[in-house]
Structures are given as C-alpha cells and as structure tokens.
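Here's the structure we're looking at; comments come further down.
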Amino acid sequence: MSHNPLPSFPPDFLWGASASAFQTEGASDADGKGASGWDRFAAEPGRIKDGSDASRGTGFHDRYREDVALLAGLGAGAFRFSVSWPRVVPGGSGAVNAAGLDFYDRLVDELCAHGITPAPTLYHWDTPVELDDAGGWLQRDTAYRFAEYAGVVAERLADRVPMWITLNEPAEVTLLGYALGEHAPGRKLLFDALPAAHHQLLAHGLSVQALRAAGASNIGIAVSHTPVRTAGESDADRFGAELYDTISNWLFADPILTGAYPDENFAALMPGPVAEDLKIISQPLDWYGVNYYNPTLVGAPATEALDSFAGFEMPAELPFGIREIEGYAKTDFGWPVVPEGLHEMLTLLKARFGDRLPPLYITENGCSYDGVHDPARIDFLDGHLRALHTAMAEGVDVRGYFTWSLTDNFEWIEGVSRRFGLVHVDYETLERTPKDSYRWYRDVIQSQTRLSARSKLT
C-alpha cells in the first residue's frame, strides 16, 4: 500500500528507535557480568515458549558498532537502549564492574560520534539475581540499591548523555512478574504484588535524585498506557474496567505526576511511610514517556477458569476479565492495530493532569510481523504517526517518537518467535538485514528533516 506523505512535525522533533539490554546484548556472563533474574528464569525448562536461548540475544554487546551504523543509516536522532544493572553492579550492590561500565562508555561514544543522542534506560527488567533472591521489588532495600547503581552510571556517562530514563514499564513488572508469575521472577501473588509497584516507584524517585546529584539532566520514565474500554453494561463490567484502568494507567502515573495514589484503597495497601515516599516519588520530571501498543477491552471476571491477556493466563479470581477487541487488523502477536488509541491515550493524559503533565515522548510503539518485506508494519507505523500528529495538533506536547524496536530481539517468554524490529536478525548467524519498514522510516525521517530545513528558510 502506498502512503501519502506524513504531515509536518516540529523542526526539533526527535526521531528514534529502541532496544533493551536483556533482549539484545547477549554476552550474558562476559567481562564480569552478573546474572539477572531473567537469565535464570529464561533458563528454566518450559519458560520460553519456543525453547530459544536467551543468552545470545542479538549479539549487540559484540556488534554494537554495526547496529549504531544502522541507526546512522536510518537518520535516527536518538537511540533508546538500556543499561544492564548486573553488568554494572553484578551483585546488585557493592563492587562496580569496571568492564561493564566500559562497554556502555564505548557505546555512548559510538553514538555521539554518529550524532545520535544516547537515551539510556536504567532498568528494563533485568534485576540482579541476588536481589531477586532477597525478595526483589517486594523489598524496600531494592529501591535504595537501584538509586546507588543509577548514581554510578550517571557519574560515568552524564557528561555525554543528554536524556535519561529511570524505569521501563513498572506496571508490567508488577503484573506479569509478581502478580501472575508469567515473567521473572515468576511470583504469583495477585494483589499481594502491590509492594513491588510501590518500591519501583520509590526507586524511580530516589534515582531521579541520584541522577541529578551526579550531574544528569533531562530525566523521564517510560510507562505503559492503554485506553481501557468497557466490555459490557453490567455493574461488574464497569467495575472491572475501572479497576483495570486504575491499575494499568494511573497506579504509576498519578504518584509520579501528582504525588498521590489514584485510590485511597491502593494507598492503604502500600508498605512503608507512604506519605513520605510519595514526596520522593513525585520528584519533578523533565518529561514523561508513553509506551503504547493497543487499547484493552475489560469487563467482569471470566466465567471460565482462565481468561487471556496478550497470551498470558489470567486467574479467574481477579475481579476483571480481558476480552478480545474485534473489528481491527491483528499483529502476529494477536494484538489489535488501533492507531486512534494512541491519540485517545495522549488526550486522556492531558485531560487528567493538565499543567502537571510534562512534555511527552513516545518511548515505545511498534508491532510484531514476520518477514523482511513487511507492509503491515509500515501501515502500523504510518497510522500511529498520523494519530500522534493529530494529538499534537490538538495541543498535546509531544517532543519525540521511539519505535520499538531497531532490530528483532528476544521477546521475553515468546523467545525469538515475535519480530518487532525494523531490521531482521537471522538467529543462526546474527546477520542483520534491513526490512522494508527500515527504509520507510528512514524516508520519513529524511522528509521531515527536509520540511524542517525548508520551514527555517521561510
């Protein structure tokens, strides 16, 4: 399908792509790296659906120069990558691994040499295994250890890194890792997982303080958001949808942006001195990151033993159930393609937070499709960028867009069977092949750059 040119974005709009350490780096025990909870979880039989080996990733640790060259060929203005906590502090606390820091030092230098803004995420789910063994995010101490690690990274890199992300998707860590047990560390605590939410929020606030103390600036967080639609007209449907909306969208955004939990019942379930913690959690941010993939249709609990959430099993004792959204094209992951959901979510954020909402970045948006010739991914990206532009035209302050992801990668429990990349990876040879969507996105960036240059002349 051919597409009309996209409307003009602001001249300083930041075009980027994303990746994460566990999903790409490989070299899982090289140069003094410690194990993460995900390393151990993925090695357990039956955890990874396609049986693939997580330890290789895409070989990014050894091939980062090749991937930075791909970013440069794309014309990307920024690269969102993550720093592996156990590569830098192998035990989660204590001695720093100089070789691990050296790797990120080289990566940042390579990005800067190509004029690409490094945008590191300090936590993209790879908790050091020693901290997992001590309780992980259920323990308050983990938040303090994370802040120490954040300070170590910033002291080394803040002179060249102009954009920082504390945590990625704390809601998914809480829900999938601690409530349902589908992700590392594999805990099945249901609502007893809420302390993991609070301690990640505390870690965010403490790390913002640590980053600023080390000279870092332009700090944000990447939070997943989904417009929640109610599946039926019953009171149980409405209650389920409202509860899911609170958990998925506002349990993290509200404390960060307003200094309060969205519901006093949730606040009462959180551990520690909550009122004092909220003052730390709501440290002023320079920007706020939105990860968007699709809306969610929610209603009363499932009548069957299990419901489905993006391929994950949902216990029937939860007070809500996830339904399939009909009437839209689906990605290979089975997710509905709903570009207008991005516009909806951005306008919801603006309406809810008003002047308290800092400038936004789309820190993740992408889709899983097989093949180097991937017209469906081009359609997806084109539609979502148009929806984004509409929201911006209506007054939502969005400063940049990071597609997920630069290359195909290890997609958590799906293994290598789901391909989100603009660049195809042959998992036997690790050879990279740019897809049609890579060239399309390159052309978008080039055309937007030309439009920006023209607007400056006039």
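Within segment 235-255, the set of residues being touching a helix residue (DSSP H, G or I) at 6+ places or on another chain (Cβ under 9 Å) and not aliphatic (A, V, I, L, M) comprises THR246, SER248, ASN249, TRP250, PHE252, ASP254, PRO255. Note on segment 362-385: residues that are small (Gly, Ala, Ser) and in contact with a helix residue (DSSP H, G or I) (Cβ under 7 Å, 6 or more places away or on another chain) amount to 0. Remark: pairs (first residue in segment 252-277, touching a residue at least 40 places away in the same chain (Cβ under 8 Å); second residue assigned to a helix (DSSP H, G or I) and among the aliphatic types (A, V, I, L, M); Cβ separation under 6 Å; 6+ apart in sequence or on different chains) = PHE252/ALA171; PRO255/LEU201; PRO255/LEU278; PRO255/ILE281; LEU269/LEU194; VAL274/ALA267; ASP277/LEU202. Filtering segment 434-457 for residues that are polar (S, T, N, Q), open to solvent by 50 Å² or more (accessible area, probe 1.4 Å) and touching a His at 6+ places or on another chain (Cβ under 8 Å) leaves an empty set.
A count restricted to segment 226-239 and to residues that are of a type in the set (Asp, Glu) and surrounded by 17 or more Cβ atoms within 10 Å (Cβ to Cβ) stands at 1.
Screening GLU242 on (1) over 20 Å from PHE402 (Cβ atoms); (2) touching a residue at least 60 places away in the same chain (Cβ under 8 Å); (3) open to solvent by 50 Å² or more (accessible area, probe 1.4 Å) shows it passes everything except condition (2). In segment 65-83, the qualifying residues are those that are open to solvent by 10 Å² or more (accessible area, probe 1.4 Å) and more than 20 Å from the chain's Cα centre (by Cα), and the one that is nearest to GLU431 (Cα to Cα) is GLU66.
Would you mind stating whether ALA179 is within 25 Å of ASP286 (Cα to Cα) and not hydroxyl-bearing (Ser, Thr, Tyr)? So ALA179 fails the test. Screening ALA351 with (1) out of contact with any Asp or Glu (no Cβ under 8 Å at 6 or more places or on another chain); (2) among the hydrophobic types (A, V, I, L, M, F, W, C); (3) open to solvent by less than 20 Å² (accessible area, probe 1.4 Å) gives one miss only, at (3).
Determine if segment 162-179 includes at least one residue that is touching a residue at least 12 places away in the same chain (Cβ under 8 Å), surrounded by fewer than 18 Cβ atoms within 10 Å (Cβ to Cβ) and not in a helix (DSSP H, G or I). Yes, segment 162-179 has at least one match. Total residues in segment 1-43 satisfying the condition of being part of a loop (DSSP other than H, G, I, E, B), in contact (Cβ under 8 Å) with a residue 40 or more places away in the chain and open to solvent by 60 Å² or more (accessible area, probe 1.4 Å): the figure is 5.
Filtering segment 362-375 to residues that are farther than 14 Å from GLY421 by Cβ and surrounded by 21 or more Cβ atoms within 10 Å (Cβ to Cβ) leaves ILE362, THR363.
Residues in segment 376-403 that are under 19 Å from GLY77 (Cα atoms), open to solvent by 10 Å² or more (accessible area, probe 1.4 Å), in a helix (DSSP H, G or I) and without any contact (Cβ under 8 Å) to a residue 60 or more places away in the chain: 0 in all.
The values are calculated or read from the model by the stated rules, or taken from the named source; none is laboratory data. Just so you know, these numbers come straight off a predicted model, no measurement behind them. FYI the Cβ positions are ideal-geometry reconstructions off the backbone, even for glycines, and counts take in every protein chain you see. Side chains included, ligands, DNA and RNA excluded: accessible areas come from the protein's heavy atoms. Shrake-Rupley method; radii C 1.70, N 1.55, O 1.52, S 1.80 Å.
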